[in-house]
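Trainee: Have a look at this one before I ask anything.
The values are calculated or read from the model by the stated rules, or taken from the named source; none is laboratory data. Model, not experiment: these values are computed from the prediction. All Cβ positions, even for glycine, are placed from backbone atoms using ideal geometry, and neighbour counts span all protein chains on display. The protein model used for the area step is the full one, side chains on, heavy atoms only, and it has no ligands, DNA or RNA in it. Shrake-Rupley method; radii C 1.70, N 1.55, O 1.52, S 1.80 Å.
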Amino acid sequence: GLIDWHAALDELPDLLAEKLAAPGVEAGAYDLVVDPTNLWLTIHESVGHATELDRALGYEASYAGTSFATPDQLGTLRYGSPLMHVTGDRTVPHGLSTIGFDDEGVAAQQWDIVRDGVLVGYQLDRRMARLMAATLGTSRSNGCAFADSGGSVPVQRMANVSLQPAEGGPTTDELISQVDRGIYVVGDKSWSIDMQRYNFQFTGQRFYRITNGRLAGQVRDVAYQATTPDFWGSLAALGGPQTYVLGGAFNCGKAQPGQVAPVSHGCPSALFRSVRILDTAAEGGR
């Protein structure tokens with residue numbers, strides 16, 4: 001549904017006042033319930049960029065980096081828990097990367113990138129597909145060529161890369177009820193991830209303590225830290241379709257000379273077990 005902007009703005013003063021008065025987080029391992037408003041960015045950085053085939057082959061190494069998800073691991077790399085099903089999609093309604101045909105004339109489509117927690121596909125343009133046809137088992141592009149203007153050369157760009165919800169799965173409140181000691185993460189903020197898309201940390205807008213299955217007030221200065229396989233491997237439950245939100249950004253940068261592209265990432269609320277939490281205020285003072 002559409003955001004009720006008036007209601008969202010009306011609640012901001014109380015949320016900000018609570019945040020300013022909130023205690024800092026105690027560093028350690030916590031279960032996390034991550035809201036789609038935060039998780040979309042983690043998907044973008046740790047899955048979306050890591051599964052661009054040109055990047056995985058080293059074509060972006062001198063600028064944006066490479067990827068731990070190399071083609072020799074296709075079909076075998078344990079990307080996350082068996083609950084993890086990530087698709088590339090150029091057809092989803094309202095997606096920022098949705099088109100009819102890409103800039104090489106390839107029809108828009110949907111395909112699996114991670115299925116049952118295993119790496120099974122990449123984002124491809126025509127050149128990358130043909131170059132790696134023997135490994136991929138196909139020489140066909142899945143429609144990921146994009147130029148940001150008529151004066152730019154089309155390059156392989158990100159599709160709408162989305163984590164699928166659990167059919168008939170729980171609500172966000174029901175996910176929270178499964179946590180004895182944890183944190184509920186809402187909204188995106190800053191992030192840091194290495195050049196192979198492997199080690200990362202993410203912050204957010206608001207963080208709520210979870211105590212015995214209930215929210216127990218805000219805490220501050222939270223960042224969650226992990227490697228990509230460890231984080232997605234700790235995925236313990238997915239929300240149902242009613243928790244699914246299509247987020248995204250207009251400013252994904254890539255290529256030399258640089259180009260900017262819009263892209264969406266859909267996801268449900270999700271529960272992760274025993275994730276490392278940092279106190280950013282304490283870390284910043286070191």
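Trainee: Could you size up the charge dipole of the stretch 4-117 around its Cα centre, putting +1 on the beta carbon of Lys and Arg and -1 on that of Asp and Glu, and report it in debye to the nearest 20? Mind dumping the intermediate values first?
Mentor: Details: 5 positive and 19 negative charges, 74 e Å.
Using Cβ point charges on Lys, Arg, Asp and Glu, the stretch 4-117 gives about 360 debye.
Trainee: Farthest toward the dipole's positive end in the chain, which of Val263, Thr203, Pro82, given Cβ charges of +1 (Lys, Arg) and -1 (Asp, Glu) about the Cα centre?
Mentor: Pro82
Trainee: Using θ = phi - 60° and the Karplus relation 6.51 cos²θ - 1.76 cosθ + 1.60, list the HN-Hα couplings for the stretch 80-96 in order, rounded to whole Hz, with x at every Gly or Pro.
Mentor: Running phi through 6.51 cos²θ - 1.76 cosθ + 1.60 with θ = phi - 60° gives x, 5, x, 6, 7, 10, 10, 10, x, 8, 9, 10, 4, x, 6, x, 5 Hz.
Trainee: Please report the net charge: other residues with Cβ closer than 13 Å to the Cβ of Ser97, K and R +1, D and E -1.
Mentor: Details: positive: Arg90, Arg157, Lys254; negative: Glu52, Asp89, Asp102, Asp103, Asp148.
Summing Lys and Arg as +1 and Asp and Glu as -1 gives -2.
Trainee: I would also like to ask the following. Under 10 °C and 1.306 mPa s, how fast does the chain diffuse according to Stokes-Einstein, given a Kirkwood radius computed over C-alpha pairs? Answer in µm²/s, whole number.
Mentor: Details: Rh = 19.6 Å.
In µm²/s, the coefficient is 81.
Trainee: Let me have the relative contact order for the chain, percent, based on Cα pairs under 8 Å that are six or more residues apart. Don't skip to the end; give the middle numbers.
Mentor: Details: 722 pairs, mean separation 77.4, N = 286.
After rounding, I find 27 percent.
Trainee: Could you size up the charge dipole of the stretch 80-190 around its Cα centre, putting +1 on the beta carbon of Lys and Arg and -1 on that of Asp and Glu, and report it in debye to the nearest 20? If you can, show how the numbers build up before the last one.
Mentor: On the way: 9 positive and 13 negative charges, 94 e Å.
The dipole of the stretch 80-190 has a size of about 460 debye.
Trainee: So what does log10 I(q)/I(0) come out to for the stretch 122-204 at q = 0.11, 0.27 Å⁻¹, using the Debye formula with one equal point on every Cα and no solvent?
Mentor: For the requested q values the scattering log ratios are -0.60, -1.22.
Trainee: Please identify the chymotrypsin sites (Phe, Trp or Tyr not before Pro) of the stretch 29-94 that satisfy two criteria: DSSP loop assignment and at most 13 other Cβ atoms within 10 Å. Which are they? Please list the in-between numbers first.
Mentor: Values: sites: Tyr30, Trp40, Tyr59, Tyr63, Phe68, Tyr79; in loops: Tyr59, Tyr63, Phe68, Tyr79.
Answer in residue order: Tyr63.
Trainee: Provide the three semi-axes, in whole Å and in decreasing order, of the ellipsoid equivalent to the stretch 12-115 as defined by the square roots of 5 times the Cα gyration tensor eigenvalues. Kindly include the intermediate steps, with their values, before the conclusion.
Mentor: Numbers: eigenvalues 214, 84, 46 Å².
The answer is 33, 20, 15 Å, longest axis first.
Trainee: While we're here: Normalise the Cα radius of gyration of the stretch 157-206 by 2.2 N^0.38 Å (N = residues in it) and let me know the number.
Mentor: Details: Rg = 14.6 Å, N = 50, 2.2 N^0.38 = 9.7 Å.
Scaled against compact globular proteins, the figure is 1.51.
Trainee: Around Ile176, with a cut-off of 13 angstrom between Cβ atoms, what is the net charge of the other residues, counting Lys and Arg +1 and Asp and Glu -1? Walk me through the intermediate numbers first.
Mentor: Details: positive: Arg181, Arg209, Arg214; negative: Asp31, Asp35, Asp173, Glu174, Asp180.
Once all neighbours under 13 Å are counted, the net charge is -2.
Trainee: With θ taken as phi - 60° and the coefficients 6.51, -1.76 and 1.60, list the Karplus ³J(HN,Hα) couplings across the stretch 105-114 in order, rounded to whole Hz; mark glycine and proline as x.
Mentor: x, 8, 5, 4, 7, 10, 7, 8, 9, 10
Trainee: Let me have the relative contact order for the stretch 63-109, percent, based on Cα pairs under 8 Å that are six or more residues apart.
Mentor: 23 percent
Trainee: While we're here: Could you do me a favour and compute the accessible area per residue for the chain, 1.4 Å probe, result in Å²? Show your work: numbers first, answer last.
Mentor: Working: 13060 Å² over 286 residues.
On a per-residue basis, the chain sits at 46 Å².
Trainee: Classify the stretch 68-131 as rounded, prolate or oblate from the Cα gyration tensor: take a ≥ b ≥ c as the square roots of its eigenvalues, call it rounded if a/c is under 1.5, otherwise prolate when a/b beats b/c and oblate if not. The partial results should precede the final answer.
Mentor: On the way: a/c = 3.35, a/b = 1.44, b/c = 2.33.
Judged from the Cα gyration tensor, the stretch 68-131 comes out oblate (a/c at least 1.5, b/c at or above a/b).
Trainee: What's the longest piece of the chain with no exposed GluC sites (Glu not before Pro), counting a site as exposed if DSSP puts it in a loop and it has at most 16 other beta carbons within 10 Å? Numbers along the way, then the final one.
Mentor: Working: sites that count: Glu26, Glu104, Glu167.
Here the longest segment lacking exposed loop sites spans 168-286.
Trainee: Let me ask another. Measure off, as a whole percent, the carbon and sulfur share of the 1.4 Å-probe accessible area of the chain, all protein chains present.
Mentor: Values: 6790 of 13060 Å².
The nonpolar share, carbon plus sulfur, comes to 52 percent.
Trainee: For the chain, find the longest principal axis of its Cα atoms and tell me its angle to the long axis of helix 5-21, 0 to 90°, nearest 10.
Mentor: That works out to roughly 60 degrees.
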